[in-house]
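The values are calculated or read from the model by the stated rules, or taken from the named source; none is laboratory data. On a predicted model such as this, the values are computed, not experimentally measured, just so you know. A quick note on method: Cβ atoms are made from the backbone with ideal geometry, for glycine too, and the neighbour counts reach across all protein chains shown.
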């Protein structure tokens with residue numbers, strides 16, 4: 001039946017640096033799309049009648065479908081925030097790889113080993129579990145820098161079993177914490193080109209273990225493993 005589904009707002013991240021177009025897809029070619037960017041409800045007589053809208057400031061886009069002057073389906077909304085990209089840092093000395101520290105114990109969340117004494121430490125080329133001290137009940141912290149090649153909104157993803165978190169400049173970008181099987185979560189952050197402090201915390205309880213960090217450059221929807229040469233310390 002017409003009106004069961006609302007329109008679809010086609011976009012990736014809800015944050016942006018420069019103005020960009022947002023496409024709105026109708027579920028039915030016989031209906032008209034009407035949208036607003038001031039937070040008000042769209043109506044047939046008021047609103048933008050278009051399938052593409054330019055977003056140039058922080059705003060809430062609201063859109064709905066209309067047939068014969070009547071609204072059909074629900075109002076769909078999406079919040080957009082215009083942000084300034086985070087500036088890079090300039091370390092005095094730069095070397096390849098990330099520093100790691102391992103911890104032994106039965107952990108249920110990342111904060112459980114935040115104040116623990118490290119069991120061992122070293123350097124690794126990329127984010128992996130090559131240094132894991134045993135099969136179960138351990139944790140690893142990776143610290144260093146990530147080299148961002150292009151200014152823009154970057155998407156990162158952590159696939160882990162069990163819990164993990166990703167911080168960039170002390171901001172929580174991904175919270176994939178807790179006891180769980182393999183689970184991927186993602187987050188976005190606006191960054192200027194250059195080096196940015198990064199920290200990954202991970203722990204393994206029992207059973208299978210897994211830790212994969214990926215990224216998606218600005219304008220891309222594809223997540224890929226981060227090249228080894230992008231990690232510094």
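Take the conditions assigned to a strand (DSSP E or B) and surrounded by fewer than 16 Cβ atoms within 10 Å (Cβ to Cβ) and apply them to residue 28. Does it pass?
Here the answer is no, as residue 28 does not meet what is asked.
Residue 67 - would you say it is within 30 Å of residue 161 (Cα to Cα) and either in contact with a helix residue (DSSP H, G or I) (Cβ under 8 Å, 6 or more places away or on another chain) or not assigned by TED's automatic domain parsing to the domain that holds residue 136 (or both)? So residue 67 does not fit the description; no. Just so you know, in the range 158-184 the residues that are surrounded by 23 or more Cβ atoms within 10 Å (Cβ to Cβ) and not in a strand (DSSP E or B) include one that is modelled with the highest pLDDT, and it is 163. The combined condition, being in contact (Cβ under 8 Å) with a residue 40 or more places away in the chain, under 23 Å from the mean Cα position of the chain (by Cα) and either assigned by TED's automatic domain parsing to the domain that holds residue 178 or at negative phi (or both), is fulfilled by residue 89. Checking each residue in the range 188-205 for being over 16 Å from residue 97 (Cα atoms) and within 15 Å of the chain's Cα centre (by Cα) picks out 188, 189, 190, 191. Taken over the range 199-209, residues that are assigned to a strand (DSSP E or B), out of contact with any helix residue (DSSP H, G or I) (no Cβ under 6 Å at 6 or more places or on another chain) and in contact (Cβ under 8 Å) with a residue 60 or more places away in the chain amount to 4. Set side by side, the residues 155, 150, 143 differ, and just one is under 20 Å from the mean Cα position of the chain (by Cα), within 22 Å of residue 228 (Cβ to Cβ), in contact (Cβ under 8 Å) with a residue 60 or more places away in the chain and exposed (fewer than 14 other Cβ atoms within 10 Å of the Cβ), which is 150.
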